[in-house]
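Notes follow once the structure below has been shown.
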Amino acid sequence: AELTAILHGLNLAWELHYKDVVCVSDSLHARQLSKQPAILSHAFATLIESIKDFMKEDWKVEFMHTLREGNKCADILAKKGPTTNRHLIVLEEPPSILVNALLMIEIMCLS
């Protein structure tokens, strides 16, 4: 799931012509898989190689790790995910369920 989310995110950022992207994930394992040499026998080798292909494009992609507890917005959305039958939902604006979490982030950044 983490590798798929990273790939979808990179694909969306590429399609929107972003040139400087920060990918934040709580999965160290997914990040390590995308940095190490190819493991052709890995069950998700195709996903991993697709992520690596995006990283070779003409843009800046930085990966950052966060603790699951430190990524409240992603946690809230992940919990909501099973209630929909769609594979990918692109949000133009944050949904109302994120308002409190986003306000807390803003307060933390200002202090």
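The values are calculated or read from the model by the stated rules, or taken from the named source; none is laboratory data. Computed from a predicted model, the values in this text were never measured in an experiment. Note: ideal-geometry Cβ built from the backbone for every residue, glycine included; neighbour counts use all protein chains shown. What goes into the accessible areas is simple: the full protein's heavy atoms, side chains included, and nothing from ligands, DNA or RNA. Shrake-Rupley method; radii C 1.70, N 1.55, O 1.52, S 1.80 Å.
Could you work out the local net charge near L88, counting Lys and Arg as +1, Asp and Glu as -1, over the other residues with Cβ closer than 15 Å to its Cβ?
Here the charged neighbours net out to -1.
For the stretch 1-79, what number of Lys pairs, 8 or more residues apart or on separate chains, have alpha-carbon atoms under 22 Å from each other?
Close lysine pairs under the 22 Å cut-off: 8.
Run lengths n ≥ 4 of DSSP H only: what is the helix-derived mean residue ellipticity at 222 nm for the chain, with -39500 (n - 2.57) per run over all residues, to the nearest 500?
-14500 deg cm²/dmol
Where nothing but the Cβ of Lys and Arg (+1) and of Asp and Glu (-1) is charged, how large is the charge dipole of the stretch 1-100 around its Cα centre, in debye to the nearest 20?
240 debye
Sorting R31, R86 by accessible area (1.4 Å probe), largest first, what list results?
R86, R31
Using the alpha-carbon atoms, what tilt in degrees (0 to 90, nearest 10) does helix 2-15 show relative to the longest principal axis of the chain?
Long axis of 2-15 versus the principal axis of the chain: about 90 degrees.
Run the accessible area of the chain with a 1.4 Å probe and give the carbon-and-sulfur part as a rounded percent.
That share works out to 59 percent.
Assuming R0 = 22 Å, what is the FRET efficiency of A1 and N100, from their Cβ-Cβ distance, to the nearest 0.05?
Computed FRET efficiency for A1 and N100 comes out at 0.30.
Restricting to Cα pairs below 8 Å that are 6+ residues apart, what does the relative contact order work out to for the chain? Please round to a whole percent.
Once divided by the residue count of the chain, the mean separation gives 29 percent.
Suppose every K and R has +1 on its Cβ and every D and E has -1 on its Cβ; what is the size of the dipole of the stretch 11-60 about the Cα centre, in Debye to the nearest 20?
Result for the stretch 11-60 is approximately 180 debye, rounded to the nearest 20.
Which option, (i) 44, 16, 9; (ii) 26, 16, 15; (iii) 45, 21, 19, is the value of semi-axes √(5λ) of the Cα gyration tensor in Å that was calculated from these coordinates?
Evaluating semi-axes √(5λ) of the Cα gyration tensor in Å on these atoms matches (ii).
Accessible surface of L3 in the full protein assembly, 1.4 angstrom probe, to the nearest 10 Å²?
Its heavy atoms expose roughly 20 Å² to the probe.
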